[in-house]
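Reading through the structure tokens given below for one structure.
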Amino acid sequence: MMEVTSLTVLVVPGVSIATRFDVLPPLPAASGVVGIAAIIDRPPATASLIGLTKSAEIDALLGPGTRASAPEIVHALGNGAQEVVVSPVLGGGAASLVLNNADGAPAVILRARSNGSWAHRLSVDIRALASGSGGTARVTLRLLAAGQVIEEFPDLAGDRNDPSAIFDVINTRSVHVVAVDPGFDGDDPTPGTYALPGDGSGVPVNVTGEATELFRILAETGVDETGLSVEIAGSGNAITVRVSRTGAVQEEFTRLTMDPDSARHLPAVLLANSALVTLRQANSLAPAARLPAATTAPIPLQDGSSPNAAAYQAAIDRLGDDPRINLVLAAIEPTATSNTVRTIHQALVAHAVQEAENGSPRIALGAVTAGEQPDLDQVRDHAAAVRNRRFVLVSPAGAAGAVAGLVSRLSPEISPTFKTVPLFGLTPASYSGSELNKLLGPSHNALVVQQRSGRGIIVLRGLDTSGDQISVTRVADAAIRETKAIAENFIGQLNSSDARAALRSQIIATFTRMERAGALVPSTDGTDPAFFVDVYSTQLDFAQGIVRIDIAVRPVRAIDFIYATIRVKN
């Protein structure tokens, strides 16, 4: 026998009122969120997703070097992505280059901001200006990529007190590299409490375990030094600086480091944020030996190591933590081999398929490599290796982020076919009509971005590798997301006819909105509706707490071809 719990029974005559609220319909699902697995400049201590809504946030949240190691993030945001969710790819090491002075001793270490072999494409050219005594007075440092100058820093000085000091200028202005004093590479300040003298000379802070001055702490201009002291504690990425007056802590700065690429670089933080003290960095070399010698030819950065495919796989899997993501891609280094790129793209396919089964459908994008792009057979092989309605293979190389931004800013029912794509300096693909017939044909399909006379740089056809239109899959994905969001609100409700009717009415209302927006359409002859919804529960389902929803939808399709017949009459 089933026990029934009744409502509170009144004893004193009166009125008891119970209020029951209907299930609210959810807001429409987002359609412009792009997930990107990428090597970033400043990965978090614990791997986690990082969201950005504009390019200006990249430097603060990911580090400026991310613009060089993962330009796809910049391209996606620049082309209109509502939000980019970045999953850091961990591992690897940074490429570097030691620049020697005229005596052949190390004067400057240049280190790529982000890990990976992508920096092997960078090279450095030094031009020196001789002083009257025959030494080097100033240098101009140029950073090149593929033979083209991408950054130039003129008239750099060796003195850290000069506004054009080589270390300070490069570390604050370069997107690609940081400059490190070779005598202080990896060194931390000696922990202790430093009392500032009253003569304005400041107090030196030495390298841990050495008698070499690392930097000097002074009172800020106009600040009384009486009773002022600075305590330094910790090492590595956990240095703490406390500024006190007569024993009372006035300022505290935590999680500092001597790494010039960090947002918590100790000298930079104190100079920018302390109202009581300032800091003057020291040089490890004599004045005449601080600047690098001129080079006869550009010298490349070396010894960078890239994260392996497993690291990309882990980052891609992490994108599943955000169900709002609609499009996914991996920012893969241009130095990666074709086999590595295809392996990562296959991981993206598997991720997209799995997330679709979990009710968070998404489309994966990837670009051909620079080596594959001019070879049709290799492009076709690549397309075959990742053939799936949830994967889009883009040509030219490096354009996946730009295409993702374009697609994400369009409503799901709008096809990217013949839409203009800014490529941010990338060269569009250049295929002949015969070659395009092979790339856009029924067996192998790529999304080609190419110059078209009168229209600019456009997507020729918005196809996935299975040959279907991207917009069709996006509309179907929108239907999945909307249905899941509505249905989840009814979990825990009573399985009554009223609840099932409410569930059905909310789904119908959502699909009616999609039909009015043009995303769903009836058959061309008008005999079949744009969608069909049935919500029911059999007696066995009822006993097991199951409600079933049967849905059929017809996504709109874009016009890809127009055949015109002209009859010329006399």
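The values are calculated or read from the model by the stated rules, or taken from the named source; none is laboratory data. In this text the structure is predicted, and so the values were computed from the model without any measurement. Counting neighbours? That spans all protein chains shown, and the Cβs are built from the backbone with ideal geometry, glycine included. For the accessible areas, the whole protein counts, side chains as well, though only heavy atoms, and no ligand, DNA or RNA atoms are used. Shrake-Rupley method; radii C 1.70, N 1.55, O 1.52, S 1.80 Å.
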Next item on the list: Quick one: which residue in 277, 223 is surrounded by 15 or more Cβ atoms within 10 Å (Cβ to Cβ), over 29 Å from residue 108 (Cα atoms) and touching a residue at least 40 places away in the same chain (Cβ under 8 Å)?
Entry: 223
Check: Do we find that residue 309 is surrounded by 15 or more Cβ atoms within 10 Å (Cβ to Cβ), under 21 Å from residue 177 (Cβ atoms) and in contact (Cβ under 8 Å) with a residue 12 or more places away in the chain in this structure?
Finding: no
Next item on the list: Among the numbered conditions (1) under 37 Å from the mean Cα position of the chain (by Cα); (2) closer than 28 Å to residue 464 by Cβ, tell me where residue 533 comes up short.
Entry: (1)
Check: Just to be sure, is residue 162 outside any strand (DSSP E or B), more than 29 Å from residue 94 (Cα to Cα) and modelled with pLDDT under 90?
Finding: no
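Please enumerate the residues belonging to region 425-441 that are assigned to a helix (DSSP H, G or I), within 12 Å of residue 460 (Cα to Cα) and not polar (S, T, N, Q).
433, 436, 439
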Margin query: Being more than 22 Å from residue 367 (Cβ to Cβ) and open to solvent by less than 40 Å² (accessible area, probe 1.4 Å): is that true of residue 502 here?
Written below: yes
Checklist line | Neighbours by Cβ (under 7 Å, 6+ apart or cross-chain): first from region 395-413, free of Cβ contacts under 8 Å to residues at least 12 places away in the same chain; second polar (S, T, N, Q) and open to solvent by 10 Å² or more (accessible area, probe 1.4 Å) | finding: none
Next item on the list: Among the residues of region 24-69, count how many are in contact with a helix residue (DSSP H, G or I) (Cβ under 6 Å, 6 or more places away or on another chain), of a type in the set (Asp, Glu) and open to solvent by 20 Å² or more (accessible area, probe 1.4 Å).
Entry: 0
Note to self: Report every pair of residues separated by at least 6 positions or lying on different chains whose Cβ atoms are under 6 Å apart, first residue within region 166-194 and touching a residue at least 40 places away in the same chain (Cβ under 8 Å) and assigned to a loop (DSSP other than H, G, I, E, B), second among the small types (Gly, Ala, Ser) and surrounded by 22 or more Cβ atoms within 10 Å (Cβ to Cβ).
What the structure shows: 175/68; 176/68
Note to self: Looking at the structure I just gave you, is residue 418 within 18 Å of residue 559 (Cα to Cα), hydrophobic (A, V, I, L, M, F, W, C) and open to solvent by 40 Å² or more (accessible area, probe 1.4 Å)?
What the structure shows: yes
Next item on the list: Identify all residues within region 452-472 that are part of a strand (DSSP E or B), over 15 Å from residue 420 (Cα atoms) and open to solvent by less than 10 Å² (accessible area, probe 1.4 Å); write none if there are none.
Entry: 463
Notebook entry, point to check: Is there a residue in region 319-331 that is over 28 Å from residue 187 (Cα atoms), β-branched (Val, Ile, Thr) and surrounded by fewer than 19 Cβ atoms within 10 Å (Cβ to Cβ)?
Noted result: no
Check: Quick one: would you say residue 204 is assigned to a strand (DSSP E or B) and over 33 Å from the mean Cα position of the chain (by Cα)?
Finding: yes
Note to self: Restricting to region 367-408, count the residues that are of a type in the set (Gly, Ala, Ser) and assigned to a loop (DSSP other than H, G, I, E, B).
What the structure shows: 5
Notebook entry, point to check: Which residues, counting only those in region 70-88, are open to solvent by 10 Å² or more (accessible area, probe 1.4 Å) and closer than 19 Å to residue 112 by Cα?
Noted result: 71, 72, 74
Next item on the list: For residue 488, state whether it is closer than 20 Å to residue 27 by Cα and surrounded by 15 or more Cβ atoms within 10 Å (Cβ to Cβ).
Entry: no
Notebook entry, point to check: Considering only residues of region 394-414 that are over 18 Å from the mean Cα position of the chain (by Cα) and open to solvent by less than 10 Å² (accessible area, probe 1.4 Å), which is farthest from residue 475 (Cα to Cα)?
Noted result: 396
Item checked: For residue 270: the one exception among (1) farther than 18 Å from residue 140 by Cα; (2) open to solvent by 50 Å² or more (accessible area, probe 1.4 Å); (3) not hydroxyl-bearing (Ser, Thr, Tyr) -> (2)
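Among what's in region 237-250 and is open to solvent by less than 30 Å² (accessible area, probe 1.4 Å) and under 34 Å from the mean Cα position of the chain (by Cα), pick the residue that is nearest to residue 276 (Cα to Cα).
Taking region 237-250 and keeping what is open to solvent by less than 30 Å² (accessible area, probe 1.4 Å), we get 239-241, 243-244.
This time we only want the ones that are under 34 Å from the mean Cα position of the chain (by Cα), so: 239-241.
On the way: 239: 19, 240: 16, 241: 12 Å.
In this case the residue turns out to be 241.
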Checklist line | Looking only at region 280-301, and only at residues there that are in a loop (DSSP other than H, G, I, E, B) and not hydrophobic (A, V, I, L, M, F, W, C), the one that is most open to solvent (accessible area, probe 1.4 Å) | finding: 296
Next item on the list: Please give the helices (runs of 4 or more DSSP H) falling wholly within region 53-159 in which 3 or more residues are within 26 Å of the chain's Cα centre (by Cα) and closer than 20 Å to residue 170 by Cα.
Entry: 58-61, 66-69
